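This report concerns only the one structure given below.
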There are 2 protein chains.
Amino acid sequence: MAKDIATRDADYSQWYNDLVIKGGLADYSSVRGCMVIKPYGFAIWEKMRDALDAMFKETGHVNAYFPLFIPKSFLSKEAAHVEGFAKECAVVTHYRLKNDPNGKGVIVDPEAKLEEELIVRPTSETIIWNSYKNWIQSYRDLPLLINQWANVVRWEMRTRLFLRTAEFLWQEGHTAHSTPQEAVEETERMLEVYAKFAEEWMALPVIKGKKTANERFAGAEDTYCIEAMMQDGQALQAGTSHFLGQNFAKAFDVQFLNKEGKQEFVWATSWGVSTRLIGALIMAHSDDDGLVLPPKLAPLQVVIVPIYKGAEDLQKLYDKVEPLLKELKAKGISVKFDDDETKRPGFKFAEYELRGVPVRLALGMRDLENGTVEVARRDTKEKSSQTFEGIGVYIENLLQDIQQNIFNKANDFRNSNIREVNSWEEFTNTIENGKGFLSAHWDGTPETEEKIKELTKATIRCIPLNNKQEEGICVYSGKPSKERVIFAKAY
Amino acid sequence: MAKDIATRDADYSQWYNDLVIKGGLADYSSVRGCMVIKPYGFAIWEKMRDALDAMFKETGHVNAYFPLFIPKSFLSKEAAHVEGFAKECAVVTHYRLKNDPNGKGVIVDPEAKLEEELIVRPTSETIIWNSYKNWIQSYRDLPLLINQWANVVRWEMRTRLFLRTAEFLWQEGHTAHSTPQEAVEETERMLEVYAKFAEEWMALPVIKGKKTANERFAGAEDTYCIEAMMQDGQALQAGTSHFLGQNFAKAFDVQFLNKEGKQEFVWATSWGVSTRLIGALIMAHSDDDGLVLPPKLAPLQVVIVPIYKGAEDLQKLYDKVEPLLKELKAKGISVKFDDDETKRPGFKFAEYELRGVPVRLALGMRDLENGTVEVARRDTKEKSSQTFEGIGVYIENLLQDIQQNIFNKANDFRNSNIREVNSWEEFTNTIENGKGFLSAHWDGTPETEEKIKELTKATIRCIPLNNKQEEGICVYSGKPSKERVIFAKAY
């Protein structure tokens, strides 16, 4: 099998697209900016969703479902929100088609025009707070801890598979609280959930921080985020959690009777991650031979390729392997015995490499005689001959090793590519010639932030949580600063 | 707690709405025809989805995700399909809003008009077969067994919570095969899956059958369905499975190289069930006190209400119950110990009755002394005092009994409300004065079917599978007939 994928060095961007398309994760569609998530890619999303959903439920959240459509006027109710979201979106203006009187296909029926246009949700704060108004009367109705798994649409002009598409899948949590303290705690709790998920499931180290005012969610008082480093050194925002203050409660007049018997506006949070995480997963770990998937999110964890001639040998190999298949399945490990006769072992090896299956076993007639099996791990590409006896336990441990190793590798790469810079010359040199994150002093003004972005394309990814406080001067303006922030170019 | 719900006899329709709203399953939204599925209702949907998804995967299917939007021209490609689906649908015509130059809110930007309008999917055959064209080249690529969980929109003029809403959630399977036999087998296999799910999970007996040509899915060669009877005797179509022949393959030019080396059009099926099933579940089993939910789909299966005065007694009751909570959870049974001090036991009893929690335990100080506990089952409303010792196993068995009893009750009701009628007078009398399904001879023509519908509002629900063949004469036309079909008014 000729893989025919670009190398990272030659063309990072093409390499990424090749992995998505040739790895069978997704496909382009005939609708501008919309992608098809193919079964192999969707299986990764299902694993992400199930893991996150369990974590949300453990922290007291329940799921619900709100309408796809938002009346246009709702978007205008929160001043900052409308600026951020009411621009590039899909607008439903009519509710009927009719046969073209000229005889060809169908046309929009001009008589079926909506009185008020509907927007396909770009995010659901407005439609949800419009419902919360009816659900919340007293402090007894709080907190309200609701999550939704849904599709959303933002009419992006430049799209990239998984990373930026017009339609994408995500979850959005929307919670309501009786005090600002409780809402801030919730915002931070969910950031922790995201960080834990990224590190333990995706094997992706992240920096937890707050966004600057410029980069905040439209309508938030504070936006927390997790930022990850891709192999080209660029940043990818992997999840956000917003403290919304009373902004949406005021916009939709959601008040509650507090314990003191007074009416008060409700405090809110929202938080979300999306199918963009699949893009992060691919970019963080994969290599020039294809996908490298952490075992916890790999749709198929182990593949067994028999090396044989003729049906009799195949049967012998299968008889040997059958108890192992059962043992692995009983351990909750997904495994496939690939006896497809139409493909050669070498072709299969390359295919499973491309698809990022963490562990590959190969078993031939000599192995049967010797009581051995060849084990290849995808992350390091190491091969070794192992005793077949006890191989189930060996594989179980190996999968854990691989999960940890993928994390360590990404973590080492990330740590060695965060550079402290202390002058404008150092800043611009590093941005132009190096890769990775810059840790630099900034004077705290939006003007300087904008200027730096304009000159270098680097943005402030976040102000890390529990940031070391140190006196310094802004790399651009020379004004005083009390802490370093993280700059990077970003996806 | 004053439940304040209508009775079935007084106002069946209001009774249904009361259960949905007051039972906390769903709410109206500000978007015409769209509902909010509240956490309790969504928890039922999650259980349905998980059970069905496991059954789909067991039968070899995988999930994927296709775009929400369909280019308008796609709908016209299959002649019958466009007639059925290209009428009442949400049409996206623009992709941007802008600030109103008159200063108030936002307006649609006339310059951001799409070249071709996009339709919010009412069903996804067209967009999916447009992708299948790229995925299928040879018989080796077949069968393709893909399912999608998604939201769809049909601009219904008269909506009812769960039963008929503009937006609803569903799953749609779309499979591709190399022979018509294999596609028909798949169509029938998925009908069996639906019937099994309805009977074993929803405790809902169904009649499996085929639709007449009039009632077929737009674009299908054959539509199979399962039909259930609600407590008012009306029919509710609970799931459909379509043999699509080569219609969509021809419309989207999807050909494959068969084993003989010849190009051939692909054979197709599609099949789906939706959140409408929640409506069926409510209507089939509930009573004038509220929801009656089969244990397998109840979000909460067991509730324990302590009867006490003061914190000390409560602690004693909790200490007694704690091992039981652990035991039930270990058995996979969901259970809640309701120690909410702000509500009285009587209020709680009524609330859990309204919400259809299958088993309620009440435990007071006297029970502690006697080693007993009061057990109330929701389906029959029987209460009994049971020995506390061994109550975990008792509950486990009781939940199975309740599941079976709910099915039996619905099954008896259904069977005693299917009536054979043999003349037009009998037919119209029964439709007007009775309730339920009519089993009657029909001459097989669409004209007669239409006429009967016009005169009585009854439609042919299905021609049952494995139907008894018997000579007879059509109740309306008097022409000869070879089998009876099922007529009913339907949701």
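Taken together, the values in this text are just the output of simple stated rules run on the coordinates, not laboratory data. Keep in mind that this is a model prediction, so the values were computed, not measured. For neighbour counting, all protein chains shown are included, and Cβ atoms are generated from backbone atoms with ideal geometry for every residue, glycine included.
The table below gives the values:
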read-out	value
Residues residue A:396 and residue B:257, FRET efficiency given R0 of 60 Å [Cβ-Cβ distance, rounded to 0.05]	0.90
Backbone N within the range A:248-287 under 18 Å of label point (7 Å from residue A:179 Cα along the Cβ vector)	A:256-269
Residue among A:306, A:416, A:437 farthest towards the positive dipole end of chain A, charges placed on Cβ	A:306
About the Cα centre, charge dipole magnitude for the range A:192-303 (Lys/Arg +1, Asp/Glu -1 at Cβ), debye	440 debye
Residue-wise HN-Hα coupling along the range A:209-222, computed from phi with Karplus coefficients 6.51, -1.76, 1.60 (Hz; x: Gly, Pro)	x, 10, 7, 6, 3, 4, 9, 5, 4, 5, x, 9, 7, 8
Set of aspartates and glutamates with alpha-carbon distance to residue A:98 below 17 Å, sequence-local pairs under 8 removed	A:109, A:111, B:78, B:83, B:88, B:116, B:117, B:156
Sorted by Cβ density within 10 Å, fewest first, the residues A:367, A:253, A:338	A:253, A:338, A:367
Relative exposure of B:334, A:385, B:124, judged by other C-beta atoms within 10 Å (fewest first)	A:385, B:334, B:124
Average other protein chain Cβ within 10 Å of Cβ, residues B:155-164	1
Residues A:48, B:190, sorted so that the one with the fewest Cβ neighbours within 10 Å comes first	A:48, B:190
Residue B:340/residue A:312 FRET efficiency (R0 60 Å; Cβ-Cβ; nearest 0.05)	0.30
DSSP-loop GluC sites (Glu not before Pro) across the range A:252-350, with at most 14 other Cβ within 10 angstrom	A:260, A:341
In the range A:130-226, the trypsin sites (Lys or Arg not before Pro) that fall in loop regions by DSSP, at most 13 other Cβ within 10 Å	A:158
DSSP beta bridges in chain B [antiparallel fraction, %, rounded to 5]	85 percent
Residue A:461 long-range amide H proximity, modeled H, under 5 Å	A:486, A:487, A:488
DSSP beta bridges in the range A:418-488 [antiparallel fraction, %, rounded to 5]	75 percent
Anisotropy class of the protein assembly as shown from Cα gyration tensor, a/c 1.5 cut	rounded
Euclidean distance between Cα centres, the range B:435-470 to the range A:270-284, Å	53 Å
Degrees between helix A:424-433 axis and first principal axis of chain A (Cα, 0 to 90, nearest 10)	40 degrees
Positive-end extreme of charge dipole, the protein assembly as shown - chosen from A:352, B:407, B:123 (charges on Cβ)	B:123
Cβ neighbours within 10 Å from other chains - mean over A:57-67	6
Between helix A:180-200 and chain A: long-axis angle, C-alpha atoms, 0 to 90°, nearest 10	20 degrees
Gap separating the Cα centres of the range A:207-233 and the range B:164-237, nearest whole Å	47 Å
DSSP beta bridges in the protein assembly as shown [antiparallel fraction, %, rounded to 5]	85 percent
The range A:300-398, Rg to Rh (Cα coordinates; Rh as Kirkwood inverse mean 1/r)	0.92
HN-Hα J in Hz across the range B:150-156 - Karplus 6.51, -1.76, 1.60, θ = phi - 60°, x for Gly and Pro	7, 9, 9, 10, 10, 6, 6
In the range B:386-491, the trypsin sites (Lys or Arg not before Pro) that fall in loop regions by DSSP, at most 13 other Cβ within 10 Å	B:457, B:468
Interchain or long-range residues, amide H under 5 Å from residue B:271's placed H	B:173, B:242
Euclidean distance of C-alpha centroids, the range B:81-134 and the range B:315-384, integer Å	52 Å
Straight-distance crosslink candidates among lysines, where the alpha carbon sits under 21 Å from residue B:262 and sequence neighbours closer than 8 are dropped	B:133, B:250
Angle in degrees between helix A:39-58 and the longest Cα principal axis of chain A, rounded to the nearest 10	60 degrees
Other-chain or far-sequence residues with amide H under 5 Å of residue A:437's (modelled H)	A:418, A:419
Computed [θ] at 222 nm, deg cm²/dmol, the protein assembly as shown (DSSP H ≥ 4; -39,500 (n - 2.57); rounded to nearest 500)	-11000 deg cm²/dmol
Additional length obtainable on full extension of the chain from residue A:411 to residue A:140, 0.36 nm per residue less Cα span	93.1 nm
The range A:368-379 - phi-based ³J(HN,Hα) in whole Hz, Karplus 6.51/-1.76/1.60, Gly and Pro as x	4, 4, 8, x, 10, 7, 8, 10, 10, 9, 6, 5
Dimensions in Å of the range A:24-110 - Rg and Dmax from alpha carbons	19.5, 59
Per-residue mean of C-beta atoms belonging to partner chains within 10 Å, peptide A:26-38	6
